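S.K.: Provided herewith is a single structure, encoded as structure tokens, for subsequent inquiry.
The values are calculated or read from the model by the stated rules, or taken from the named source; none is laboratory data. Predicted model, so just to flag it, every value in this text is computed and none were measured. Quick reminder, even Gly has a Cβ in these numbers, built from the backbone with ideal geometry, and neighbours come from all protein chains shown.
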Amino acid sequence: MQKGSIATRKREFIELKRRLETLTPEQIAFYPHASSSDVKNLTMLACFKLYQFIFDFASTTIRNKLLLFDFQILNSDYESFYEAKALSYENLNTISEGTQYKLKQVLFKMFEQAGLIDSVKTKNIQKPYLSEELIKLILQDDPTYLRGFLYSDGEINDAIKRHQ
């Protein structure tokens, strides 16, 4: 939050607050003790919970590619996903091409920072590491969110069995 203008800092604060409000009290309490990797993943979890579009892209398009041993996201993958979502979300049809481009740019930057892809340039898919403690916190909240972290249904079921 080192940006120059007051308006920018205010906007970033509001965004951060909205994301944190999606997390459970247990997830918030875990933040100060979490590793840097878990902090990134908690932050991504908050984004998944706040923005269905981001969660859907990770849990369907990226996850399905990984499960098929296709490790690179192509622009056409994103465009197909966007067009399909534009049919179900009216507001996607009303945004300008510039905003669409910015949305794509920010989405891939978030995925890079969270470790879901290696870089925005190559977009090679990587499965992020989640600690057992973070997995447990996600399971207590909603196991479906593990799909956003590219877990297969079998891995999710195994995690549920481990933490019962």
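S.K.: So if I check each of Ala7, Ala34, Ala29, which one is among the small types (Gly, Ala, Ser) and at pLDDT below 90?
M.R.: Selected residue: Ala7, the only one of Ala7, Ala34, Ala29 that is among the small types (Gly, Ala, Ser) and at pLDDT below 90.
S.K.: Does Phe48 fit the bill of being hydrophobic (A, V, I, L, M, F, W, C) and closer than 19 Å to Leu134 by Cβ?
M.R.: yes
S.K.: Looking only at the range 142-155, which residues are under 12 Å from the mean Cα position of the chain (by Cα) and in contact (Cβ under 8 Å) with a residue 40 or more places away in the chain? Spell out the reasoning first.
M.R.: Of the residues in the range 142-155, the ones under 12 Å from the mean Cα position of the chain (by Cα) are 145-150.
Selection gives Tyr145, Arg147, Gly148, Phe149, Leu150.
S.K.: Further question on the same structure: Output the helices (runs of 4 or more DSSP H) that fall wholly within the range 44-116 and possess 1 or more residues being at pLDDT 95 or above, or say none.
M.R.: Of the helices (runs of 4 or more DSSP H) lying wholly inside the range 44-116, those with at least 1 residues that are at pLDDT 95 or above span 52-56, 63-67, 75-88, 97-114.
S.K.: Scan the range 112-124 and tell me whether some residue there is of a type in the set (S, T, N, Q), under 23 Å from Ile160 (Cβ atoms) and in contact (Cβ under 8 Å) with a residue 40 or more places away in the chain.
M.R.: no
S.K.: Kindly list, by first and then second residue, each pair from a residue in the range 67-91 that is free of Cβ contacts under 8 Å to residues at least 60 places away in the same chain and among the small types (Gly, Ala, Ser) to a residue that is surrounded by 12 or more Cβ atoms within 10 Å (Cβ to Cβ) and not in a loop (DSSP other than H, G, I, E, B), limited to pairs with Cβ atoms under 9 Å and residues at least 6 apart or on different chains.
M.R.: Ser80/Thr61; Ala86/Leu92
S.K.: Just to be sure before I move on: is Leu139 closer than 30 Å to Arg162 by Cα, free of Cβ contacts under 8 Å to residues at least 40 places away in the same chain and outside any loop (DSSP other than H, G, I, E, B) in the structure I sent?
M.R.: When the stated conditions are applied, Leu139 passes them.
S.K.: Next question. (1) touching a Leu at 6+ places or on another chain (Cβ under 9 Å); (2) of a type outside the set (S, T, N, Q); (3) assigned to a helix (DSSP H, G or I): which one isn't true of Pro128, the others all being true?
M.R.: (3)
S.K.: Pairs needed: first member in the range 1-29, closer than 14 Å to Val39 by Cα; second member anywhere, at pLDDT below 85 and not in a helix (DSSP H, G or I); C-beta distance under 9 Å; at least 6 residues apart or different chains.
M.R.: If the second residue must be at pLDDT below 85 and not in a helix (DSSP H, G or I), the pairs left are Leu16/Met1.
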